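Here's the structure we're looking at; comments come further down.
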Amino acid sequence: MAEYKRPNSEAEFKKNFKQKKPLMNDTEAYYEASRCLFCYDAPCIQACPTSIDIPLFIKQIHTDNITGASKTIFDANWLGNACGVVCPTGVLCEGACVYNHQDVPPIQIGRLQNYATNKTIDAEKVIFKVGEPNGKKIAIIGAGPAGIACACEARTLGYEVNIYEAKAKPSGLTVYGIAPYKITNEEVLKEVDYLQKQLGFNIKYNNAINSKKELAGLEKSYDAIFVGVGLGASRYLGLDGEDKKGVVGAVEFIEELRMKHHQIKVPAKVVVLGGGNTAMDAASEAARMGARKTVLAYRNSKDKMGAYPFEYDLAISAGVDSLFNVTPIAITGNGKVEGVKFPKTEMVDGTLKTNMNNTFIVRCDMVIKATGQAKQGHLFEMIDDLDIDSKIRIKINEDFQTSNPKYFAGGDAVNGGAEVVNAAYDGKMAARGIHNWLNK
Amino acid sequence: MIDLSINFGGIKAPNPFWLASAPPTNSGYQIMKAFDAGWGGAVWKTLGVPVVNVSSRYGSVNYRNTRMMGFNNIELITDRPLADNLREIEEVKKYFPNHAVIASLMVESRAEWEQIIKDVQNAGADGIELNFGCPHGMCERGMGSAVGQEPEVLKTIVGWVKEAANIPVITKLSPNISHITDPGLAAVQGGTDSISLINTIKSIVGIDLDSYAPYPIVDGKGTNGGYCGPAVKPIAMHMLKDLAQHPEIGKVPLSGIGGIETWRDVVEFILLGATSVQVCTAVMHYGFGIVREMDAGLRQFMEEKNYKTIYDFAGKALPNVTEWKHLNLKHKVVAEINADKCIGCELCYISCDDGAHQAIALSSDPTIRIPSIIEENCVGCNLCSLVCPVEDCITMVKRDDGSERITWSERTDNDDIPVTFNDDRAGGKGHYVPTPEDALKHRKRN
Ligand SMILES: Cc1cc2nc3c(=O)[nH]c(=O)nc-3n(C[C@H](O)[C@H](O)[C@H](O)COP(=O)(O)OP(=O)(O)OC[C@H]3O[C@@H](n4cnc5c(N)ncnc54)[C@H](O)[C@@H]3O)c2cc1C
Ligand SMILES: Cc1cc2nc3c(=O)[nH]c(=O)nc-3n(C[C@H](O)[C@H](O)[C@H](O)COP(=O)(O)O)c2cc1C
Ligand code: SF4
Ligand code: SF4
Ligand code: SF4
């Protein structure tokens with residue numbers, strides 16, 4: 001098990017958060033590309049939410065047409081560079097690669113993708129064309145993957161685009177949420193900068209849209225509005241003692257970590273509540289920040305966990321311990337966290353029951369809540385006639401149009417929380433949906 | 001006990017692994033290293049009139065993940081002083097008296113031939129190889145492949161050499177000719193003791209996309225070079241077989257050259273009639289140590305097949321290499337897919353549909369990626385089994401019972417051959433071809 005020393009400098013931080021999928025060098029990419037079979041109606045393409053023509057871009061890499069490869073990638077997915085490293089490729093494209101059926105390692109599609117786009121971005125190659133201006137304007141709320149993708153596609157169709165973003169940086173959770181051993185801030189921002197330079201969309205930072213008045217203003221000045229606001233803050237659990245010092249939400253913890261790196265201090269003992277990918281990330285990150293003991297606590301059994309097995313393995317390999325079939329009922333401590341009180345849980349006739357006769361306390365100095373994010377319901381309520389479903393997700397039709405025809409939506413705000421690649425696809429398709437609607 | 005030693009037209013060597021005349025045999029230093037590593041003979045880098053070489057000299061064809069799958073050069077013969085070479089030949093023979101040291105020679109006039117033959121004999125060479133192959137530079141001066149392409153001239157020169165020499169003479173042929181048997185026969189008629197082949201093939205390996213010059217580039221320009229390496233092996237084997245099957249040429253020992261890199265290559269050349277092999281590119285790529293793999297593999301093969309010497313199996317494949325007209329027209333195989341092994345790449349489908357006979361179908365259920373054979377359309381061409389990336393997944397299975405056989409030659413004798421385009425006896429009748437609409441319809445899954 002890995003033992004991480006608390007990072008006290010940027011160099012030490014980098015060491016603890018070493019990139020899991022490092023950039024391939026030319027030889028590595030050439031050899032890996034040579035293995036692709038160029039399957040007919042390739043299953044990898046079908047498994048990619050954005051349907052990138054994978055065998056084509058791999059062949060382009062192999063024939064040293066790196067710019068062409070990048071074009072193939074970006075044509076399908078405006079966040080092609082980030083997706084190469086942050087996508088759960090093992091359950092998407094690489095999981096579908098035919099080599100798996102032969103017990104041969106699948107093609108490293110994600111890393112090849114990242115290799116090509118990275119080279120093109122570094123070389124500042126101009127590969128996109130802005131569409132002939134059509135005199136129409138689109139407002140986008142949220143500069144996350146969905147918003148950025150929508151902006152890029154809309155620019156190629158000739159729209160003027162302004163993005164309103166609450167935060168100071170673009171790219172949403174890609175920069176504020178994804179684990180730093182998957183992608184660095186620089187890499188994320190470089191891609192957005194590259195897209196923005198060529199496609200010329202504006203981002204108005206520190207410009208949250210959260211009043212009816214602001215929405216009315218947008219409705220007046222724009223022909224269509226795309227809502228790509230993602231999810232909200234970490235969910236409040238309603239536990240006894242949840243407001244004690246040292247209890248933090250996973251999203252907030254990760255955001256602070258991504259912004260401040262080694263400047264944040266993680267205490268010696270950390271408990272992470274939850275069994276999803278965010279919980280795995282938060283636990284891994286706490287361990288890499290030098291916590292001596294990090295415990296993942298999940299209310300059900302291991303096989304019921306929502307996290308991908310490889311994300312769990314990654315946390316375990318970072319030195320994280322796990323505790324299954326426990327549910328927190330109280331945070332103990334005197335103003336400051338000292339522990340979490342858990343009863344054991346068990347499955348009775350298909351429902352999870354807590355056994356109050358069997359409780360115990362896990363001592364810790366910090367509790368990270370990774371049991372989901374709240375939805376942006378307050379904003380959705382301000383939009384006239386906007387239908388949302390029972391899980392507070394915006395409802396859309398096949399053109400990504402909401403029940404209020406002027407509004408389109410995509411990404412986490414619509415799917416309730418998926419991956420960057422899904423948001424990128426939604427944003428692109430929503431721009432096309434807007435184009436269809438405005439040209440009816 | 002396996003005995004690899006050979007007597008190649010009077011030249012004795014402890015084994016058939018020889019170095020071809022090329023950069024690996026530039027100096028005594030290299031040849032002694034090679035003998036020490038296990039090579040049984042070496043043909044010295046061609047000696048001749050003083051030359052000057054250019055820089056750079058080599059180009060490469062890299063394919064897929066293989067560097068130097070094909071290789072070419074625009075080098076001439078040795079540019080080291082003759083006296084140095086002769087002294088080193090003498091030295092090598094002192095250290096390795098039982099290994100074969102063969103002097104490759106290329107000069108112009110009869111007098112020059114007589115002089116240089118005397119020189120190498122005095123130095124102790126075990127044999128002479130005549131370089132009639134060099135396809136660049138030297139041929140412009142009337143030597144190398146210029147001679148290899150003129151059987152009459154070649155015969156005359158072999159005659160001069162045989163008169164002057166009292167050690168065995170190997171004639172090395174150029175492949176830059178339509179019928180290799182023409183210069184082959186000329187060499188035999190001129191009295192050569194043996195033949196080696198192939199020298200390099202005239203080639204351009206690539207063009208630089210910035211300077212528009214062919215590789216290798218010499219100050220912005222290039223020229224045709226000589227092609228060799230693994231890519232040329234099929235051509236070399238074909239020419240070797242042509243010579244080996246020729247009633248007169250086949251009587252002299254043949255040394256096989258061209259793309260030899262592994263024990264399998266060695267065995268294949270021997271099966272086609274070679275009794276020594278020569279290697280250049282593989283050594284330029286991996287060094288002399290590559291002979292360890294050839295030696296071990298050859299011995300393993302001989303042990304398994306119970307052969308004592310290479311003469312026990314030399315030429316064994318020749319009776320099975322026949323002419324098209326003698327092939328059995330009644331032999332019928334069709335492709336069969338092993339569904340358990342299939343990984344669903346669908347390369348067999350698309351290669352047969354686009355590149356062969358539309359004899360493979362996809363399932364109408366898009367979740368099933370295992371194709372199936374449309375047996376009526378399968379002509380048994382092999383294409384699918386060649387593209388399938390899984391070993392033994394597509395096999396060609398026999399459909400005839402062996403009771404009937406007839407060849408084109410027999411049909412011709414029986415006067416039973418199709419004569420008009422609509423003759424029912426011709427092939428391809430009843431072959432199902434999908435409609436133009438099918439050609440333009442893209443399959444949509446889901
Ligand atoms: C901890 C964590 C780890 C993850 N790891 C991965 C991973 O490894 N791989 C992967 O593919 N996916 C991962 N994801 C999921 C992925 O980050 C999201 O699916 C994706 O970012 C969603 O994109 P989006 O554009 O819909 O929303 P977001 O990325 O959330 O972007 C929304 C943007 O809108 C802005 N915004 C919100 N409200 C307003 C407002 N009222 N006005 C103006 N702006 C507003 C926000 O500031 C933000 O910039 C992870 C998510 C989390 C939480
Ligand atoms: C760089 C180079 C130089 C060569 N020089 C000679 C030469 O001087 N004399 C000769 O007979 N053949 C020469 N050859 C041809 C080789 O001896 C050999 O016939 C040919 O390369 C095919 O064998 P291979 O495929 O093992 O390389 C040369 C080949 C190369 C690559
Ligand atoms: S499935 Fe694998 S081998 Fe086939 S095209 Fe996709 S990456 Fe290449
Ligand atoms: S053998 Fe040839 S014709 Fe038959 S299925 Fe295979 S590719 Fe098609
Ligand atoms: S080529 Fe082989 S592995 Fe691929 S679909 Fe055909 S039978 Fe299956």
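Shown is the FRET efficiency for B:A296 and A:T332, computed with R0 = 51 Å from the Cβ-Cβ distance and rounded to the nearest 0.05: 0.10. Taken along the Cα-to-beta-carbon direction at a fixed 7 Å, the label points for A:D321 and A:S211 span 5.1 nm. Among B:H357, B:V334, B:C345, which residue has its Cα furthest toward the positive end of the charge dipole of the range B:303-363, with +1 on Lys/Arg Cβ and -1 on Asp/Glu Cβ? Checked the options; the winner is B:V334.
If you keep only loop residues by DSSP, which trypsin sites (Lys or Arg not before Pro) in the range B:1-103 have at most 14 other Cβ atoms within 10 Å of their Cβ? Can you show the working numbers first?
Details: sites: B:K12, B:K33, B:K45, B:R57, B:R64, B:R67, B:R87, B:K93, B:K94; in loops: B:R57, B:R64.
Filter output for the range B:1-103: B:R64.
Under a point-charge model restricted to the Cβ atoms of Lys and Arg (+1) and Asp and Glu (-1), what is the dipole moment magnitude of the range B:183-314 relative to its Cα centre, in debye to the nearest 20?
On the way: 10 positive and 14 negative charges, 40 e Å.
Taking the Cα centre of the range B:183-314 as origin, the dipole is about 200 debye.
Highest GNM mean-square fluctuation, chain B, Cα pairs closer than 10 Å: which of B:G287, B:G220, B:G184? The residue that fluctuates most here is B:G220.
Chain pair A, B: how much accessible area is buried, both chains summed, with a 1.4 Å probe, in Å² to 100?
Details: alone 19430 and 22400 Å², together 40340 Å².
Roughly 1500 Å² of accessible surface disappears when A and B pair.
Can you tell which of B:I6, A:C150, B:G220 lies farthest toward the positive end of the dipole of the protein assembly as shown, using +1 and -1 charges on the Cβ of basic and acidic side chains (Lys, Arg; Asp, Glu)? My answer, from the dipole projection, is A:C150. Using the structure shown, list the pairs from A:K245/A:K265; B:K251/B:K316; A:K20/A:K167; B:K93/B:K172; A:K245/A:K341; A:K14/A:K375 with a Cα-Cα distance above 21 Å, or answer none. Result: A:K20/A:K167; B:K93/B:K172; A:K14/A:K375 exceed 21 Å. Accessible area ranking (1.4 Å probe, heavy atoms, ligands and nucleic acids excluded), largest first, for B:K330, A:K440: A:K440, B:K330. Here the protein assembly as shown carries DSSP beta bridges of which approximately 40% are antiparallel, counting only pairs with both residues inside. Against chain B, whose longest principal axis is taken from its Cα atoms, helix B:82-95 shows a tilt of about 80°. When A:Y31, A:Y308 are compared by accessible area at a 1.4 angstrom probe, the order from most to least is A:Y31, A:Y308. Each residue was assigned an accessible area with a 1.4 Å probe, and for A:T327 the value is about 30 Å².
Overall, the accessible surface of the protein assembly as shown at a probe of 1.4 angstrom is composed of carbon and sulfur to the extent of 50 percent.
Within chain B, the longest run free of GluC sites (Glu not before Pro) that sit in a DSSP loop with at most 14 other Cβ atoms within 10 Å is B:1-247.
With the whole protein complex present, B:T200 retains an accessible surface near 20 Å², based on a 1.4 Å probe. Backbone amide hydrogens, once placed in the peptide plane, bring A:G230 within less than 5 Å of A:D412, A:A413, excluding anything fewer than 5 places away on its chain.
Taking the centroid of alpha carbons for each part, the range A:96-139 and the range A:168-215 are 18 Å apart. Length available on full extension from B:H331 to B:E304: 0.36 nm per residue minus the Cα-Cα distance, which gives 6.7 nm. Taking every DSSP bridge with both residues inside the range B:173-312, close to 40 percent are antiparallel. The Cys residues in chain B with no partner Cys Cβ within less than 4.7 Å of their Cβ are B:C134, B:C139, B:C228, B:C280, B:C342, B:C352, B:C378, B:C381, B:C388, B:C393. Highest GNM mean-square fluctuation among A:K353, A:K190, A:K375, for chain A modelled with Cα contacts below 10 Å: A:K353. The tail of the calculated P(r) for the protein assembly as shown, taken as Cα-Cα distances beyond 56 Å, holds 35 percent of the pairs.
Kindly work out what percent of the DSSP beta bridges joining two residues of chain A are antiparallel, to the nearest 5. Looking only at bridges with both residues in chain A, the antiparallel portion is about 35 percent.
In this structure A:D240 has an accessible area near 110 Å², from a 1.4 Å probe over the protein heavy atoms. Only DSSP H runs of four or more residues enter the estimate; each adds -39500 (n - 2.57), and after division by the residues of chain A the mean residue ellipticity at 222 nm equals -11000 deg cm²/dmol.
The values are calculated or read from the model by the stated rules, or taken from the named source; none is laboratory data. The shown structure was predicted, so the numbers you read here are calculated from the model rather than taken from an experiment. In this analysis, Cβ positions are derived from the backbone assuming ideal geometry, glycine residues included, and neighbour counts consider all displayed protein chains. For accessibility, only protein heavy atoms count, side chains too; no ligands or nucleic acids. Shrake-Rupley method; radii C 1.70, N 1.55, O 1.52, S 1.80 Å.
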